[in-house]
Structure formats: structure tokens, C-alpha cells
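Student: Sharing a structure here in C-alpha cells format.
The values are calculated or read from the model by the stated rules, or taken from the named source; none is laboratory data. No experiment lies behind these values; they were computed from the predicted model shown. When we count neighbours, we look across all protein chains shown, and the Cβ atoms used for this are built from the backbone with ideal geometry, even at glycine.
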Amino acid sequence: MRFPLSVRHLVAPLLGAVLIAGCSKSEPTPTTPTAGAVSLNVSAPGFPEGFETGTKTSYAAGSVTLGSGSWTLSDALIGNTSSDAKTGAQSARVRNSGSLSMNFDLSGGAGVVTVAHAVYGADGNGTWELWASTNSGTSYAKVGSTVTSGGTALSTASFTVNLAGAVRLQVRKTDGGTNRLSFDNITVESYAGTGGGGGTPPPTSGTKFLFDASHAETAGNADWVLDVDGGVVPRFPTPAQSGISSSTPETYWTAALSSWGVALVKLGNSVENLPSGTAITYGNAANPQDLANYSVFVVDEPNTLFSATEKAAIVNFVKNGGGLFMISDHTVSDRNNDGYDSPAIWNDLMANNTVQANPFGYSIALTNISETTSNVLAGATNPILHGTQGDVTALKFSNGATITKTSGSQAQPLVWQSTAAQGNTNIMCASSTYGTGRVVVITDSSPADDGTGSPGNTVYPGWTELASHAKLHLNASLWLAKQQ
């Protein structure tokens, strides 16, 4: 990012490069929410469904009465052996192209749905999907993305259904193979319509995005958070995001990333800050802001090193299905004078963690460039460059670093410097996968800067400087959330 010379802090020690990846909660697979409806944030009657009350010992199609109601299990049974992944005494076991289908409607609709899943015993991987019906099972529509189950321990997949009225759900095994899968602990949030029309608040219980504010993202002249109130970054931006409608301006909140946050809420998602002093954890049920509670973690220009525990949490978050949006600035951009700037901090996370070295397949080069480029990956199929929010044709850096890809790695460069060959160096934006999770990296904070920071801070309108900037960040956000 560009900023006045008075706030450019020189840094002596700079760490070398090598990236490592992140991990995630479960595999979130949300879909586009229904307009004009809000989640009730309460469990549907009879849920969670843990398959504890029914008995079905054969794979032949048949109905069974469970705690939530009657279900038809096709090529599926209720298992209670040591090989059935479960949290209680029983779980559902599905083979071939089997399914678990509700024979009743959820009168309160369905908001967020979660399903615990794993492979059965020593069987191999399998794939499955969630489907929803609004006509009592006459027809179904797929919700979100296909999920791959690949371990014997239960993981939790999260789907944003957001359908009001009468809804019934179906879990379908889709690979058709003999490998068996276990399903348990299906949760459903009720969902209610509020009527259509302009000005109706969008749902706030869809995909949850967490923006980090715990690593000096507001140091010096920076404001890389959703909202700052009286110098303090709150967990929930104020005013409440439930008041955001299609016409709400980004000035609804005050910070350099408020445009990004308001835009995500308008798309049916919810956003939070991770305030200073709050731990970055993964799998800690005692932490209400544990990464397992979110689909995407956004970290824009961290200015303090991540601890060993935090690095493991972030890497495991991605590994298990989460989305990580990494943003750095240029080399020699240490805003709090602690000896580390954001490229060095990201490289340290990727090179020096206890999970896996270089899982993302790239590193951040210690460079400082300023230019506008249209050197974008060719083709019209990449969902980040050509997603639901529009086509990305250019990117402007106002003091940013570059990215180096490890040859043959899973990293996908997306944008290069204007005169560079489309190879493994001189990259300005890239994506990657690790485990079941996804990563996007941009190496300048300027494009996300909406120009509205805290009093006394000098920020710039990078978000609107090029039409492609908002499209790139929003497409990338939705891709990380597995919405496209």
C-alpha cells in the first residue's frame, strides 16, 4: 500500500521465503441465499439429528423413524460398530449411490445446515452432496459444492441453504463406489421469510467471514479492518449489519475494509472482526471466535508475527476446508517498528510451522513495485477472474510485493506484472489449495483500501480506483467460501 513517508518504518531483519498453508474447520459449501429472508438462528424442531433413536440393519431402501422424524435410507443403514464414525452410539452408513432423505418438511425453512462426515473403517475416500426440496420431495436442487470425505475422524461440512417455507433435505453419496461413508449430527437452523422488496435486510447467518485485527492491522497509518469505533476494533461492526440493505453505503462502517465487509453482507454473508488480544485458535470450543466457527479468514497486512500455536491453527484451518485470504504489503513496510513487515510475517508462517512446510506452493518475494497491469491469466473459466461479481481485467499496485511460485506446485498465478512472462515469478495475485481448503494471496493492500479510515489516518480509494478491484476481492471471497 502507498502511505506517507512519515509512516514508512525501515526494517532490518527480513525473513526468507517459503510458504506454508493453512487449515480449516470443516468443508463449508454454501449456496446463494434467498432474497428477502432472515435466519432465526434457532434449531429446527427435532434437530440435531444424531441417528441415536432408530434401528435399520440392512442396506435395502426403507424408512426409519428418527428423533427428527421419518427418513428414507436407500443403500444405507444405521451403524453401531467400531468402524462407524460417530459421536454417540450410532450413525448413518451409506454405500454406492445411497442417500438419506427426509420424509417430512421443515415448516420453518432451513438456514445453515451442518453435516458431520467421515469414511467408514478402512474404506477409501468418497464424495457426497446436500440437496434441498421446496415441494415436499417432488424435485430437489443441489446446495453448494460436492464434499469429499477422506478421513476416519468426523469432520463437519457447513451449507448455507437459506430457504424459507416448507423445506426437506437429502444427503446423496455421489461417487457411486463401494467405499462407505458415515454421517452423523445433522444440524438445521430455522429460516423465515420477511417478504421481498427493496430495503429488506439481507440474511446475516450465511457464510461467516472473520477479519483479523489481532496482529497490529491498525498500526501506524493502517486501518485494515471492517470498523473502528473510537480507536477500538469491535468484534461486531457497528451499526449492526442487520441494518444493511441493497442501498447501504460503505460509510455505514468506518475503516479501510468497510466497503468489502458491507458488500459481503449484501451478498447474504456475515462478517466479524477478530479484536486485538483475541487468540487465533482452531478446534478450541471454549473460544467463541475459534476458526472452526468460520468459513473464511481474512488477514490484511499483519504487522506482528504469528505464534507457533496460531500458525498451526491457521494452517490446519485451511487443511480441513477453510478459506484463507492473505494480503501483504511491500518489503520494508513495518508499521509498528517491531522488526517484521507483512511479507516476512507471511513467509514465516509458511516456512516455520509445525503442520507442513510450503503447503500452498509459493512464497512472497521481498520486492516493492508500483504499476497497473492487465497481464491477467487468459481464458474465461477461472471463478476468481470471471466470477459472479464480474470480470477482472486489471490490477493496480501502489507499493506492493510480488509472489514466486514453486515449480510444479498447486499454486495458480492469476495476475503478473505488466511486462512479465506468465510464469512462476513476478506474480501479483494467486490462488492455491491445501487439503480441502483454499487460499488467495494478493501482495498489496492498496486495492482493498476504500479510502475511509479512522480520523488522522491517510488512506486511499483503491477499492474504487479500478473497477476490477472490488470484483477481484469479492470473487475471491466467494471462491474461498465455496460459493463459486
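Student: In region 219-259, how many are assigned to a loop (DSSP other than H, G, I, E, B), closer than 29 Å to residue 333 by Cβ and among the small types (Gly, Ala, Ser)?
Tutor: 7
Student: Moving on. So residue 143 fits all but one of (1) more than 24 Å from residue 479 (Cα to Cα); (2) aliphatic (A, V, I, L, M); (3) touching a residue at least 24 places away in the same chain (Cβ under 8 Å); what number is the exception?
Tutor: Tallying (1) more than 24 Å from residue 479 (Cα to Cα); (2) aliphatic (A, V, I, L, M); (3) touching a residue at least 24 places away in the same chain (Cβ under 8 Å), residue 143 fails exactly one: (1).
Student: Any residue that is assigned by TED's automatic domain parsing to the domain that holds residue 341, touching a Phe, Trp or Tyr at 6+ places or on another chain (Cβ under 6 Å) and over 19 Å from residue 325 (Cα atoms) - is there at least one of those in region 268-281?
Tutor: No: region 268-281 contains no residue that is assigned by TED's automatic domain parsing to the domain that holds residue 341, touching a Phe, Trp or Tyr at 6+ places or on another chain (Cβ under 6 Å) and over 19 Å from residue 325 (Cα atoms).
Student: In this structure, does residue 212 turn out to be charged (D, E, K, R) and surrounded by 23 or more Cβ atoms within 10 Å (Cβ to Cβ)? Steps first, answer last, please.
Tutor: Numbers: charged (D, E, K, R): yes; surrounded by 23 or more Cβ atoms within 10 Å (Cβ to Cβ): yes.
Criteria met by residue 212.
Student: Another question, then. Restricting attention to region 303-313, report how many residues are hydrophobic (A, V, I, L, M, F, W, C) and in a loop (DSSP other than H, G, I, E, B). Before the answer, list the steps.
Tutor: Quick first cut of region 303-313, residues hydrophobic (A, V, I, L, M, F, W, C) only: 305-306, 308, 312-313.
Next, from what is left, pick out any that are in a loop (DSSP other than H, G, I, E, B): 305-306.
Of the residues in that region, 2 qualify.
Student: Of all residues in region 82-110, which are within 15 Å of residue 50 (Cα to Cα) and assigned to a loop (DSSP other than H, G, I, E, B)?
Tutor: The answer is 84, 85, 86, 87, 88, 89, 90.
Student: Would you tally the residues in region 294-326 being touching a Leu at 6+ places or on another chain (Cβ under 8 Å) and closer than 26 Å to residue 240 by Cα?
Tutor: Qualifying residue count for the region: 11.
Student: With a cut-off of at least 2 residues that are over 24 Å from the mean Cα position of the chain (by Cα) and among the polar types (S, T, N, Q), name the strands (runs of 3 or more DSSP E) lying wholly within region 314-415. Break it down stepwise before answering.
Tutor: On the way: elements: 323-327, 362-373, 395-405.
Filter on region 314-415 gives 362-373, 395-405.
Student: For residue 288, are the conditions met, namely being outside the structural domain of residue 111 (by TED's automatic domain parsing), in a loop (DSSP other than H, G, I, E, B) and touching a helix residue (DSSP H, G or I) at 6+ places or on another chain (Cβ under 8 Å)?
Tutor: Values: outside the structural domain of residue 111 (by TED's automatic domain parsing): yes; in a loop (DSSP other than H, G, I, E, B): yes; touching a helix residue (DSSP H, G or I) at 6+ places or on another chain (Cβ under 8 Å): no.
Here the answer is no, as residue 288 does not meet what is asked.
Student: Further, regarding this structure: What tally of residues in region 146-191 results from selecting those that are crowded, with 24+ Cβ neighbours inside 10 Å, among the basic types (Lys, Arg) and over 24 Å from residue 479 (Cα atoms)?
Tutor: Residues in region 146-191 being crowded, with 24+ Cβ neighbours inside 10 Å, among the basic types (Lys, Arg) and over 24 Å from residue 479 (Cα atoms): 1 in total.
Student: Separate question: Take the residues of region 114-134 that are in contact with a strand residue (DSSP E or B) (Cβ under 6 Å, 6 or more places away or on another chain) and of a type in the set (A, V, I, L, M): which is farthest from residue 179 (Cα to Cα)?
Tutor: Filtering region 114-134 for residues that are in contact with a strand residue (DSSP E or B) (Cβ under 6 Å, 6 or more places away or on another chain) and of a type in the set (A, V, I, L, M), the one farthest from residue 179 (Cα to Cα) comes out as 132.
Student: Tell me, yes or no, whether region 111-129 has at least one residue that is touching a Phe, Trp or Tyr at 6+ places or on another chain (Cβ under 7 Å), not β-branched (Val, Ile, Thr) and not in a strand (DSSP E or B).
Tutor: For region 111-129, residues touching a Phe, Trp or Tyr at 6+ places or on another chain (Cβ under 7 Å), not β-branched (Val, Ile, Thr) and not in a strand (DSSP E or B): absent.
Student: Would you be able to tell me the number of residues in region 136-159 that are hydroxyl-bearing (Ser, Thr, Tyr) and not in a strand (DSSP E or B)? So that I can check it myself, show each step before the final result.
Tutor: Filtering region 136-159 for residues hydroxyl-bearing (Ser, Thr, Tyr) gives 136, 138-140, 145-146, 148-149, 152, 155-156, 158.
Imposing the further condition that a residue be not in a strand (DSSP E or B) reduces the set to 136, 138-140, 152.
Number satisfying all stated conditions: 5.
Student: So which of 60, 12 ends up being modelled with pLDDT of 90 or more and either touching a strand residue (DSSP E or B) at 6+ places or on another chain (Cβ under 8 Å) or in a loop (DSSP other than H, G, I, E, B) (or both)? Lay out the reasoning, then the answer.
Tutor: Values: 12 fails: modelled with pLDDT of 90 or more.
After applying the criteria, what remains is 60.
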